[in-house]
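Have a look at the structure below before the remarks.
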Amino acid sequence: MKTSIRKLYVISLSALITVACSSQSESEGMLIINNKTSEDITKVNLTYKTTNKSENIGNLSPNQSFKYPIKYSDTEDSIVITYTDSNNTVHKDVAVPYFGKYDKKNYSYNIK
């Protein structure tokens, strides 16, 4: 009887840990950047407006998507994307208008 209770305890604990770990990794908000053009997009950069931190993403091939995990801080923020198209035109736009660490959503930004 004690062995059955121990097994049940171990199985329950394992299930709880598995659920907790999988929930934690999925609770992270993502920005998905989609290059919907037939040309390379270069110098993709993300800037957090409030904290002024920048992330260099690099280049996106035609029809490529990139998943970027949003880095939350104690303050609300927004993310501005800057990139250069095939005509060497620099574009600047708001990719994520507003987010906070309490509200971990997924966002999508399409380059057309």
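Name the residues in the range 41-74 that are over 16 Å from the mean Cα position of the chain (by Cα) and polar (S, T, N, Q), would you?
42, 50, 51, 52, 59, 61, 63
Scan the range 29-42 residue by residue and report those that are surrounded by 13 or more Cβ atoms within 10 Å (Cβ to Cβ) and either small (Gly, Ala, Ser) or part of a strand (DSSP E or B) (or both).
Hits for the range 29-42 are 29, 30, 31, 32, 33, 34, 35, 41, 42.
Take the residues in the range 55-75 that are farther than 14 Å from residue 111 by Cβ and touching a Ser or Thr at 6+ places or on another chain (Cβ under 7 Å), then tell me which one is surrounded by the most Cβ atoms within 10 Å (Cβ to Cβ).
This residue is 73.
When the residues of the range 75-96 are filtered to those that are at pLDDT 95 or above and among the polar types (S, T, N, Q), which remaining residue is nearest to the chain's Cα centre (by Cα)?
78
The values are calculated or read from the model by the stated rules, or taken from the named source; none is laboratory data. If you're wondering where the values come from, they're calculated on a predicted model, not measured in any experiment. Cβ sites come from the backbone with ideal geometry, for glycine too, and all protein chains shown count toward neighbours.
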